Amino acid sequence: MWGLKMIHILKTKNWKGPFSKQEQEDAVVALEGGAVLYFPSLPFGLEPDETILLSPHYSHPKSKNIGYDLKSRKVTGVQGTEEATPSFESMLDRYATNTKILLEAILPQYQKYLERGRTSYRPVEIAGRQSSYRKDDTRLHIDAFPSSPVQGKRILRVFTNINPHDQSRFWRLGEPFSKVAERFLPHCPHPLPGSQWFLERLCITKTQRTPYDHYMLQLHNRMKADEIYQKEAEQQEFSFPPQSTWIVYTDLTSHAAMQGQYALEQTYYLPMDGMNSPELAPLKILEKALGRPLL
Ligand code: SIN
Ligand code: FE
């Protein structure tokens, strides 16, 4: 998997598709193999009264994104008083629904397994943003969450560029996961006995950090910390223009977001049972390399 094969193009202009059986099968194979499913013209329209939300000023300086939890209908990461701040809920809720409709259409075999995670709005320009190296998404990485262990579930994300000024979102896409593991896994310390229990008791993690979560976080941190790797690893730039949408397994596909402002994103979790080819999952690749189960 390299070069143009990393981008699997689907030309629909409609979130509902329709997609043929062949398109659905090809899409799941490409996605699980590490490709980005790219919809060059699949726009998300704002209502006239929502264009006011296209400003970085409502975003709290301490959080990277404005977040939305579907279950509680709570929006987080907004600064300012409630009266002086427009509501983000309706836009985020509608985006969440659109992504659900899209996944139903293009990946029907995931349907009964997918769990919906958070929705996010990313109104701050990426380039020049200050952050610690671990939070710096301009460095190639695979996604792993320090406080929210996934316990073996896959992280599947849908993004849409809603930039109103014709500004693309620039990414870099890195080498295949097996190569990342080959390079960094030998340097990862094993989890300390009892550390999972300890992290959970101290509320550093919301649930137990499994050995799988431990190694994924180690890979995430070590990739980001390695300046030489960042420059020299096999990689390709790709820009997502306004009104384009893309779907990617961010726990599998090495990525870095270099530049861009105003994107929407919806996270999904897929239990391993829902996969078409489970052997392609980071869990299976790491278990094979380490010669033991990680859950
Ligand atoms: C990331 O997941 O690393 C950031 C992606 C983006 O905001 O475009
Ligand atoms: Fe990421």
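Of all residues in segment 218-236, which are within 15 Å of Asp137 (Cβ to Cβ) and open to solvent by 20 Å² or more (accessible area, probe 1.4 Å)? Hits for segment 218-236 are Asn221, Ala225, Gln235. The set of residues in segment 227-259 being in contact with a helix residue (DSSP H, G or I) (Cβ under 7 Å, 6 or more places away or on another chain), assigned to a loop (DSSP other than H, G, I, E, B) and away from ligand 1 (no atom under 11 Å from the Cβ) consists of Leu252 alone.
The single condition among (1) within 16 Å of ligand 1 (Cβ to nearest atom); (2) in a helix (DSSP H, G or I); (3) open to solvent by less than 20 Å² (accessible area, probe 1.4 Å); (4) over 30 Å from Asp166 (Cβ atoms) that Asp213 does not meet is (1).
Here Gly274, Gly291 are screened, and the one residue that is open to solvent by less than 20 Å² (accessible area, probe 1.4 Å) and among the small types (Gly, Ala, Ser) is Gly274. Among the candidates Leu199, Leu185, the residue that is without any contact (Cβ under 8 Å) to a residue 60 or more places away in the chain, over 30 Å from Lys11 (Cα atoms) and among the hydrophobic types (A, V, I, L, M, F, W, C) is uniquely Leu199.
Taking each residue of segment 43-66 that is in contact (Cβ under 8 Å) with a residue 60 or more places away in the chain and looking for partners that are surrounded by fewer than 14 Cβ atoms within 10 Å (Cβ to Cβ) and in a helix (DSSP H, G or I) with beta-carbon atoms closer than 9 Å, six or more apart or interchain, yields Lys64/Lys135.
Per-residue answers, yes or no, for (1) of a type outside the set (A, V, I, L, M); (2) at pLDDT 95 or above:
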site: Lys13; (1), (2): yes, yes
site: Ser20; (1), (2): yes, yes
site: Asp26; (1), (2): yes, yes
site: Gly34; (1), (2): yes, yes
site: Phe44; (1), (2): yes, yes
site: Asp49; (1), (2): yes, no
site: Lys71; (1), (2): yes, no
site: Val78; (1), (2): no, no
site: Glu83; (1), (2): yes, no
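One line per residue, one yes/no per condition, for (1) without any contact (Cβ under 8 Å) to a residue 24 or more places away in the chain; (2) touching a Gly at 6+ places or on another chain (Cβ under 7 Å); (3) open to solvent by 40 Å² or more (accessible area, probe 1.4 Å); (4) not in a helix (DSSP H, G or I):
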{"site": "Ser120", "(1), (2), (3), (4)": "no, yes, no, yes"}
{"site": "Arg134", "(1), (2), (3), (4)": "no, no, yes, no"}
{"site": "Asp143", "(1), (2), (3), (4)": "no, no, no, yes"}
{"site": "Gly152", "(1), (2), (3), (4)": "no, no, no, yes"}
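The values are calculated or read from the model by the stated rules, or taken from the named source; none is laboratory data. Everything numeric in this text was worked out from a predicted model, so none of it was measured. Every residue, glycine among them, receives a Cβ derived from its backbone with ideal geometry; neighbour counts consider all protein chains shown. Only protein heavy atoms, including side chains, enter the accessible area calculation; ligands, DNA and RNA are left aside. Shrake-Rupley method; radii C 1.70, N 1.55, O 1.52, S 1.80 Å.
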